[in-house]
Amino acid sequence: MTERCVGCGGEYAPVEGISHRYMVSSPACWERYGELVGMMAVDVAVFEARPYAVDAFAAQHPGTPGPQAIQSVAIHLLNMYEYLVLGHAPGVPRFAGHKGAFHWLTPPDFAGTRTVLSVPVDGPREHINAAARAWAESVWGAWSAHHAQIAAWHTQFSAR
């Protein structure tokens, strides 16, 4: 028996638990994400994959319109724009200081995209790093209807 995550659409064995308060997901998806980023935080060999996982999860679990969800999705998509489109190294988010500057982007259908389950929590670092980047690329691709808006926000706010 499985349950579908309301955010990414992934299929998970049901678990009792919590999820993020505005990034809406199933408890099982949130638990798996915690396991993954927890491993990435302590394993130096895969630490570079952590921004991909963080941005992919947040953009794939946008929640519902509200100030925190709007800000979160915009910043994570801007991060993805920087490293997937502009070729910058993933790094510290630069756009958090622009509260209230963004608007709600209607989330895409994530059917067929990679999910947190696409990234192994153990194995060769090359596989983990490549899988995390592929997940981010998959989620970024799902948001293609909004790429022009994200590029415009980047232009507007990157110089400030």
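The values are calculated or read from the model by the stated rules, or taken from the named source; none is laboratory data. The structure presented is a predicted model; accordingly, all values stated were derived computationally and were not measured. All Cβ positions, even for glycine, are placed from backbone atoms using ideal geometry, and neighbour counts span all protein chains on display.
Could you check, for the range 11-18, whether at least one of its residues is under 26 Å from Glu126 (Cα atoms) and either in contact with a Ser or Thr (Cβ under 7 Å, 6 or more places away or on another chain) or surrounded by fewer than 18 Cβ atoms within 10 Å (Cβ to Cβ) (or both)? Among the residues of the range 11-18, at least one is under 26 Å from Glu126 (Cα atoms) and either in contact with a Ser or Thr (Cβ under 7 Å, 6 or more places away or on another chain) or surrounded by fewer than 18 Cβ atoms within 10 Å (Cβ to Cβ) (or both), which makes the answer yes. Scanning the range 110-136 for residues that are surrounded by fewer than 17 Cβ atoms within 10 Å (Cβ to Cβ), under 18 Å from the mean Cα position of the chain (by Cα) and without any contact (Cβ under 8 Å) to a residue 60 or more places away in the chain yields Gly112, Ser118, Pro120, Ala130, Ala134. Just checking, how many residues over the range 138-155 are over 10 Å from Tyr81 (Cα atoms) and either of a type in the set (Gly, Ala, Ser) or touching a residue at least 40 places away in the same chain (Cβ under 8 Å) (or both)? Residues that pass the stated criteria total 12. Would it be correct to say that Arg133 is among the basic types (Lys, Arg) and in a helix (DSSP H, G or I)? In short, yes. Remark: pairs (first residue in the range 48-74, closer than 19 Å to Gly10 by Cα; second residue buried (at least 18 other Cβ atoms within 10 Å of the Cβ) and among the basic types (Lys, Arg); Cβ separation under 6 Å; 6+ apart in sequence or on different chains) = Tyr52/Arg133. Residues of the range 84-112 that are in a helix (DSSP H, G or I) and either modelled with pLDDT under 95 or β-branched (Val, Ile, Thr) (or both): Val85 alone.
Residue under question is Ala45, and the condition is that it be touching a helix residue (DSSP H, G or I) at 6+ places or on another chain (Cβ under 6 Å), surrounded by fewer than 19 Cβ atoms within 10 Å (Cβ to Cβ) and in a helix (DSSP H, G or I); does it hold? Spelling it out, Ala45 is indeed touching a helix residue (DSSP H, G or I) at 6+ places or on another chain (Cβ under 6 Å), surrounded by fewer than 19 Cβ atoms within 10 Å (Cβ to Cβ) and in a helix (DSSP H, G or I). For the range 1-43, a residue qualifies if it is within 17 Å of the chain's Cα centre (by Cα) and polar (S, T, N, Q), and the qualifying residues are Ser19, Ser25, Ser26.
When the range 1-25 is filtered for residues that are of a type in the set (Gly, Ala, Ser) and under 20 Å from Ala142 (Cα atoms), the ones remaining, listed by number, are Gly7, Gly9, Gly10, Ser25.
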